[in-house]
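So the structure is just underneath, and the comments pick up after that.
The values are calculated or read from the model by the stated rules, or taken from the named source; none is laboratory data. What you are looking at is a predicted structure, and each value in this text was computed from that prediction instead of being measured. A quick note on method: Cβ atoms are made from the backbone with ideal geometry, for glycine too, and the neighbour counts reach across all protein chains shown. Note: areas computed on protein heavy atoms with side chains; ligands, DNA, RNA excluded. Shrake-Rupley method; radii C 1.70, N 1.55, O 1.52, S 1.80 Å.
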Amino acid sequence: MPNRPISRTNVPKFRGRISRQNPTTSINSPSVGGGIVTNIHPTNIQNEEFQDQVNFRIDYDKVTYRGGLVPIGATTSIDPATITRIISWRRAAGNTSFICITANNAYWTSDFILYTLLTPTPALVGVLNLYPSYTIAADRAFIATGYDVIREVLPGPNTLNPLGNAPRYRYIFSFFNRILGCYLYDPIAVDIRPTRVGWSGDLNFNEWNPNVDFTAGFVDLIETPADTADEIRGGFGFANIALILRERSLWSITRQPSGTNPFAFSCINPLIGCDLPGTATQILNGIVWADNGSQNVYVYQVGTDKPEKIGTPINNLLFHDISISSRVTSTYNVNEEVYSIIINFTTTSQCRVYSYSFKTNKWWREEFYEISTINDGSVTSNNLTIDDLIGTIAQIQGTIDNLVAPTTLGQRLYADSTRRIILVENPNVTTDYRFTGTNSTRNIDRILYSKRYEQTQNDFLFTRFRLTLRLEVVNTTSNLIIEFSKDGGVTWTTYKTIPASMLPLEQDYLITCSKTVRCKTFEWRLRSSDGIPLTVSDYEIIAELTTFIQKHNSFEAEEGCNDDLAMCGVLFGWVMTQNFIREITNLDIRQRILIEKQRVLDDELLPFGFVEDGQPEPEELPLTKDILQELMFPSEDKQELHEKYATFVENKQYYK
């Protein structure tokens, strides 16, 4: 019997998480919600993880699609300049206002149809290259552009006026009945202090001079000489604590029972900071940010000892795309608990978004074009009240039947950099809105790149590939393409092309590719250039009899594997050829197979032909015993005939 090595001490020669204990192997991934992992070799990632995942989002154990972008409200340009930030302002009355900030102006709207200019006095300057900071306190909205003094949004008079005698701070936040500012930047007075923190009076936001209101004040966060170069990159207020994010450290602010000295500052972590201020965002009970210096993304939860790294799986891919820090921003979806980093490229109109789900701890990537900024917020059409009416009752037009209930339009807002309008996602649309002189659309490319399966010695034989997916929206014109690569993703070969019209709507559908692929390196990808709205649930790759190899004049399992299943088949074949087994079972497998094969061949033959000539059939005489005797022995007498007939029957020579 062939040698059958089963030692588990040998290192398997197949790289990747694939069970190769038997020659028939199934690479089964019941989940595909592993997200993108690029920090390790593609053969070492999990089966449910991907090398890349473009325009597919993670929904726990599966991946799903994003809707196409469509205009919301007005389709005429809001402002000649690019929109740099969209601010959601939830009012005390329950309605929501949205503020769109451009290079020199700001607008507010509640329905995305009518945009009202907030006249800045004096005019805004220097917003284009900085991500504006804002805060909401006491049902009032405040904006810091980075170069101007802090401004207050006044929707009533539609103005954007300076906030009292507030200085020029780059970052602002609210905490302990005050507005706080960080990083004093006053080029007019030639007063630039990157380490300064200032605050307004207690419930007196307009006063920042401690000589006028002793509850106002400022301080420079310098404990050592090295702190002078540790610039502040943002501030965030919570119920009982505030956080100051610096370039190389993280600080906390706690309240003190003193009017003249209301805050205590302390360093939480002196080693980890942020050099991409646009990525710093407040989340539930903490903050999250990206740091180009340490090449990672961090999250800090209030009350913990130190920040936690969450960007390791994609750090080489994410930071490879970042070239200019001022063109990197972020947003956070409170409902979905998804943090997104937005990268705008300078040489192209492409916008790349890396998103992280705090529910699943996974990353994915999306691509947009001609998008300047993204904001997450509840976008609901507001109820019309009496106070919102303009004019007289006689000027009211329409009927009660024309009134509509408030509807949720979407949760993520996109600013179109070409048309200067606001877009939202529509799950029933498979293309993105695009304005190029005339209204048009852009296809959404959706791609999934699997992990890489690699064998270093003998070729691996993949015989079947199965993929479970679900078509979410009717699509009759697009194709879904499954491809594989045998050279590490350099070239791709089409495995199968499935028209979207063949897929059932909102039903799980199993796609099977039966093409045999022999290779040492294997990876697959799912591609759709026409934005087919899909949900992918799982996949399975089946490889058969690839570790049962010939060695000299025999066969055995290759090193690091066993041949349990294959040898069972060999032993069964040998046993069934033994005479002893044939005798006790009265079963000849070989003969049965031969008979079945012959039957199939006979069934495939054409039947014998018959000719009808119109003549009557000849009369057939019944074959009796006497007639048969006469035919067989015509010259004998009757007695001899009977004796010969009896002898003939007895010897069983007569055909019955």
Can you go through 375, 382 and tell me which one is surrounded by 10 or more Cβ atoms within 10 Å (Cβ to Cβ) and modelled with pLDDT of 50 or more?
375
Taking residue 227 as meeting all but one of (1) in a strand (DSSP E or B); (2) open to solvent by less than 40 Å² (accessible area, probe 1.4 Å), write down the number of the exception.
(1)
Can you tell me which residue within segment 238-278, out of those that are under 33 Å from the mean Cα position of the chain (by Cα) and over 24 Å from residue 144 (Cα atoms), is surrounded by the most Cβ atoms within 10 Å (Cβ to Cβ)?
272
If I go through segment 307-346 residue by residue, how many of them are polar (S, T, N, Q), more than 20 Å from residue 250 (Cβ to Cβ) and in contact (Cβ under 8 Å) with a residue 24 or more places away in the chain?
8
Of the numbered conditions (1) in a loop (DSSP other than H, G, I, E, B); (2) under 39 Å from the mean Cα position of the chain (by Cα), residue 179 satisfies every one except a single condition; which is it?
(1)
Within segment 425-441, the count of residues that are touching a Lys or Arg at 6+ places or on another chain (Cβ under 7 Å) and at pLDDT 85 or above comes to 3
Taking segment 571-588 and keeping residues assigned to a helix (DSSP H, G or I), of a type in the set (A, V, I, L, M) and open to solvent by less than 60 Å² (accessible area, probe 1.4 Å) leaves 575, 581
Which residue is modelled with the highest pLDDT, if the candidates are limited to segment 108-155 and must be farther than 26 Å from residue 237 by Cβ and over 39 Å from the mean Cα position of the chain (by Cα)?
119
For residue 73, indicate whether it is assigned to a loop (DSSP other than H, G, I, E, B) and within 23 Å of residue 332 (Cβ to Cβ).
no
Those residues of segment 60-69 which are open to solvent by 20 Å² or more (accessible area, probe 1.4 Å) and either at pLDDT 90 or above or at positive phi (or both), in sequence order:
60, 62, 64, 65
From the list 516, 546, which one is modelled with pLDDT of 75 or more and within 38 Å of the chain's Cα centre (by Cα)?
516
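Provide a single number: the residues in segment 295-310 that are of a type in the set (S, T, N, Q) and either part of a loop (DSSP other than H, G, I, E, B) or open to solvent by 70 Å² or more (accessible area, probe 1.4 Å) (or both). Explain how you work it out, then say what you get.
Here is the first cut: in segment 295-310, the ones of a type in the set (S, T, N, Q) are 295-296, 301, 304.
Those still in the list that are either part of a loop (DSSP other than H, G, I, E, B) or open to solvent by 70 Å² or more (accessible area, probe 1.4 Å) (or both) too: 295, 304.
Summing the residues that are of a type in the set (S, T, N, Q) and either part of a loop (DSSP other than H, G, I, E, B) or open to solvent by 70 Å² or more (accessible area, probe 1.4 Å) (or both) in segment 295-310 gives 2.
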Against the conditions (1) part of a loop (DSSP other than H, G, I, E, B); (2) out of contact with any helix residue (DSSP H, G or I) (no Cβ under 7 Å at 6 or more places or on another chain), where does residue 275 fall short? Just the number, please.
(2)
Please specify each residue of segment 311-359 satisfying the condition of being over 16 Å from residue 374 (Cβ atoms), open to solvent by 30 Å² or more (accessible area, probe 1.4 Å) and either assigned to a loop (DSSP other than H, G, I, E, B) or in contact with a strand residue (DSSP E or B) (Cβ under 9 Å, 6 or more places away or on another chain) (or both).
312, 313, 315, 317, 323, 324, 337, 346, 347, 348, 358, 359
Filter segment 117-176 down to residues that are assigned to a loop (DSSP other than H, G, I, E, B) and open to solvent by less than 60 Å² (accessible area, probe 1.4 Å), then give me how many there are.
19
If we keep just the residues of segment 170-201 that are touching a residue at least 60 places away in the same chain (Cβ under 8 Å) and hydroxyl-bearing (Ser, Thr, Tyr), which is nearest to residue 256 (Cα to Cα)?
174
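For residue 444, indicate whether it is touching a residue at least 60 places away in the same chain (Cβ under 8 Å), within 23 Å of the chain's Cα centre (by Cα) and under 17 Å from residue 64 (Cα atoms).
So residue 444 passes the test.
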Tell me which residues, restricted to segment 177-200, are open to solvent by less than 50 Å² (accessible area, probe 1.4 Å) and either more than 25 Å from residue 124 (Cα to Cα) or among the hydroxyl-bearing types (Ser, Thr, Tyr) (or both).
183, 185, 195, 200
List pairs: first in segment 454-473 and among the aliphatic types (A, V, I, L, M), second open to solvent by 50 Å² or more (accessible area, probe 1.4 Å) and in a loop (DSSP other than H, G, I, E, B), Cβ under 6 Å, 6+ apart or cross-chain?
473/428
In segment 440-468, which residue that is closer than 30 Å to residue 353 by Cα and assigned to a loop (DSSP other than H, G, I, E, B) is most open to solvent (accessible area, probe 1.4 Å)?
445
Quick one: what pairs do we get from segment 531-542, first residue on the phi > 0 side of the Ramachandran plot, second open to solvent by 10 Å² or more (accessible area, probe 1.4 Å) and charged (D, E, K, R), C-beta under 9 Å, 6+ apart or different chains?
531/432; 531/445
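Take the residues of segment 23-48 that are modelled with pLDDT under 85 and in a loop (DSSP other than H, G, I, E, B): which is nearest to residue 365 (Cα to Cα)? Working first, answer last.
Just the residues of segment 23-48 that are modelled with pLDDT under 85, to begin with: 23-31.
Next, only the ones that are in a loop (DSSP other than H, G, I, E, B) stay: 23-24, 30-31.
Numbers: 23: 37, 24: 35, 30: 22, 31: 18 Å.
Selected residue: 31.
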Mind checking which pairs have a first residue in segment 263-292 that is within 13 Å of residue 307 (Cβ to Cβ) and a second that is acidic (Asp, Glu) and crowded, with 16+ Cβ neighbours inside 10 Å, Cβ under 8 Å, 6 or more apart or different chains?
272/291; 273/230; 273/247; 273/291; 274/247; 274/291; 291/275
Can you confirm whether residue 216 is within 16 Å of residue 164 (Cα to Cα) and surrounded by 15 or more Cβ atoms within 10 Å (Cβ to Cβ)?
yes
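Which residues, counting only those in segment 469-499, are among the charged types (D, E, K, R), open to solvent by 70 Å² or more (accessible area, probe 1.4 Å) and either farther than 19 Å from residue 56 by Cα or more than 20 Å from the chain's Cα centre (by Cα) (or both)? Step through it out loud before you land on a result.
Of segment 469-499, the ones among the charged types (D, E, K, R) are 470, 472, 483, 486-487, 496.
Narrowing the set further to residues that are open to solvent by 70 Å² or more (accessible area, probe 1.4 Å) leaves 470, 486, 496.
Within segment 469-499, 486, 496 meet the criteria.
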Tell me yes or no: at least one residue of segment 528-535 is open to solvent by less than 60 Å² (accessible area, probe 1.4 Å), within 20 Å of the chain's Cα centre (by Cα) and modelled with pLDDT of 90 or more.
yes
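Would you call residue 57 open to solvent by 10 Å² or more (accessible area, probe 1.4 Å) and at pLDDT below 90?
Numbers: open to solvent by 10 Å² or more (accessible area, probe 1.4 Å): yes; at pLDDT below 90: no.
So residue 57 fails the test.
Could you list, in sequence order, the residues of segment 500-517 that are loosely packed, with under 13 Cβ neighbours inside 10 Å and touching a strand residue (DSSP E or B) at 6+ places or on another chain (Cβ under 8 Å)? It would help to see each step written out before you state the result.
Narrowing segment 500-517 to residues loosely packed, with under 13 Cβ neighbours inside 10 Å: 501-502, 504-508, 510, 512, 514, 516.
Result: 504, 505, 506, 507, 508, 510, 512, 514, 516.
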